[in-house]
Each structure stands twice: as structure tokens, then as C-alpha cells.
1. Would you confirm whether any residue within region 178-197 is modelled with pLDDT of 95 or more, among the aromatic types (Phe, Trp, Tyr) and touching a strand residue (DSSP E or B) at 6+ places or on another chain (Cβ under 9 Å)?
2. Considering region 82-98 alone, what residues qualify as being open to solvent by 20 Å² or more (accessible area, probe 1.4 Å) and farther than 14 Å from GLY126 by Cα?
3. Out of ASP197, ASP182, which single residue is without any contact (Cβ under 8 Å) to a residue 40 or more places away in the chain and under 17 Å from the mean Cα position of the chain (by Cα)?
4. Scanning for something open to solvent by 20 Å² or more (accessible area, probe 1.4 Å), in a helix (DSSP H, G or I) and either modelled with pLDDT of 95 or more or under 21 Å from VAL178 (Cα atoms) (or both), does region 118-131 turn up at least one residue?
5. Of the conditions (1) in a helix (DSSP H, G or I); (2) open to solvent by less than 40 Å² (accessible area, probe 1.4 Å), GLY101 satisfies every one except a single condition; which number is it?
6. Give the residues of region 35-91 that are of a type in the set (Lys, Arg) and at pLDDT below 95, sorted by residue number.
Amino acid sequence: MTIEGKKEITRKEFMKGMGMSLAGVAMAGSVGGLLTACSNATGGASVDAGGESKETPQWPFKYVKLDPEKVEKAGYEGYKEGACCYGVINAFLSALSDEVGYPFNQIPADAFRGGGTGYGQGALCGSLGSAAACIGMVCDGDQQKELIAELYNWYKTHPFPQYQPAGMDLITTEAKSVLCIDSVGKFMEAQGVGMADPERKERCAAVTAEVARKMVEILNEKLA
């Protein structure tokens with residue numbers, strides 16, 4: 001990628017700038033196991049950490065209508081704490097922990113910290129990965145596919161970032177892809193910045209916020 005007056009940004013440099021690591025992929029696999037265990041729940045007894053018997057949650061878990069603006073803001077703040085994958089699911093779990101409680105208050109958002117920068121590989125945008133997990137908690141299999149596809153198609157053509165609380169007047173770009181390397185790469189080329197620059201970080205925080213909001217808007221329409 002080249003921009004007039006700027007150094008060419010190669011794929012190798014992009015990956016190096018992200019601090020590429022297989023840890024993100026490994027984390028994604030472990031989290032998949034966690035969600036599979038939850039999705040297989042059919043009711044019954046379980047024992048919590050304190051040794052007390054607790055009813056196993058029935059899947060799909062109960063969903064209630066959430067405030068998209070609050071979730072958007074929480075997603076933005078969550079990105080600052082633990083990147084995009086964490087930001088989306090932390091906003092989702094925090095909101096439903098307040099509104100519903102169990103089992104959302106038992107799922108650790110920290111388990112998704114490894115999904116940033118495309119799971120360390122510039123692959124699927126981490127915000128979309130955790131959004132798919134959120135949808136999977138509250139929808140059955142067929143509905144999951146429908147809603148995830150709707151979210152991903154929106155992502156590919158949405159002009160990010162619209163949510164700009166820092167007032168940096170960032171350039172908006174369309175990813176035309178669900179991959180981190182495409183989404184971030186197009187923005188960096190247009191803005192003339194690198195991975196370590198504050199503009200790139202602010203843009204990814206906005207993407208996290210907007211994905212969290214759109215996910216909730218879809219769930220509100222379909223489930224609540």
C-alpha cells in the first residue's frame with residue numbers, strides 16, 4: 001500500500017506492527033470450547049466454585065432489549081482496556097449481567113483478550129469474532145447464521161468510523177472485507193498512518209463501538 005509522501009506499507013510490515021502471535025488463535029480455540037460447552041447445556045444441576053448446586057442454564061440464553069448507545073460507549077471503552085474482540089463481548093456481557101444476571105455474569109470477557117488484531121494474524125476482525133459468539137449465546141443455530149451474515153455484510157460496506165468521541169476527524173473507509181488486514185490497511189493508507197499511530201488506534205476503538213451497537217440493534221429487532 002502506498003500513499004504520496006508516505007512510506008509503502010507492506011503486508012509484512014503490517015503483520016510486524018500488530019505483534020503477530022499464535023496466542024490469539026490458541027485463545028480463540030479455547031474460547032470456542034467454552035461456548036460449545038454452554039451451547040450444549042440442556043438444563044440440570046451443576047456445582048459452582050463455592051460448591052453450591054446451581055441450575056445449568058438453558059440455551060439459547062435469555063436476551064432482553066439493550067440500549068444501543070450504552071453498548072456502543074461500553075464497546076469503545078472496552079477497546080481501550082483490551083482491544084476489539086474484548087471490547088464487544090465485554091460490552092454485551094456487562095449489559096446483560098446488569099439486566100438478566102446469570103449466566104452472563106459467569107462468562108469471562110477476559111477470555112477474549114487474545115482476539116485483537118485479527119486474532120494476531122490480521123484475519124477475521126476481532127470485533128466480528130466476539131460479536132458472533134454473543135449472537136451464538138442467545139440464538140439457535142439457524143438464526144445465528146442469519147444474524148451473523150447480516151452483521152458481516154453490514155461491516156463490509158459501512159463507512160468506518162462514524163463514532164468519533166475523540167474529535168479526531170478521521171477519514172472514513174469501507175473495508176469491503178471482514179479481515180482485519182483489509183479493514184485496517186485501507187484506513188491506514190487513506191489516513192497516511194501506521195499501526196502504532198493514535199489515529200489507527202482511535203479508528204479501531206470506533207469500529208469496536210459501532211460493531212457492538214449494530215449487533216445489539218439486530219438482536220433487539222429479531223429477539224426483543
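The values are calculated or read from the model by the stated rules, or taken from the named source; none is laboratory data. Remember, it's a predicted structure, so these values are computed and weren't measured experimentally. So basically every Cβ, Gly included, is an ideal-geometry build from the backbone, and we count neighbours across all protein chains shown. Remember, those area values only see protein heavy atoms, side chains included, never the ligands or the DNA or RNA. Shrake-Rupley method; radii C 1.70, N 1.55, O 1.52, S 1.80 Å.
1. Yes; the residues of region 178-197 include at least one that is modelled with pLDDT of 95 or more, among the aromatic types (Phe, Trp, Tyr) and touching a strand residue (DSSP E or B) at 6+ places or on another chain (Cβ under 9 Å).
2. If we filter region 82-98 for residues that are open to solvent by 20 Å² or more (accessible area, probe 1.4 Å), which is where we start, we get 83, 90, 94-95, 97-98.
Within region 82-98, SER94, ALA95, SER97, ASP98 meet the criteria.
3. Being without any contact (Cβ under 8 Å) to a residue 40 or more places away in the chain and under 17 Å from the mean Cα position of the chain (by Cα) holds for just one of ASP197, ASP182, which is ASP182.
4. Yes, region 118-131 contains at least one residue that is open to solvent by 20 Å² or more (accessible area, probe 1.4 Å), in a helix (DSSP H, G or I) and either modelled with pLDDT of 95 or more or under 21 Å from VAL178 (Cα atoms) (or both).
5. Tallying (1) in a helix (DSSP H, G or I); (2) open to solvent by less than 40 Å² (accessible area, probe 1.4 Å), GLY101 fails exactly one: (1).
6. If the condition is that a residue be of a type in the set (Lys, Arg) and at pLDDT below 95, then LYS54 is the only one that fits.
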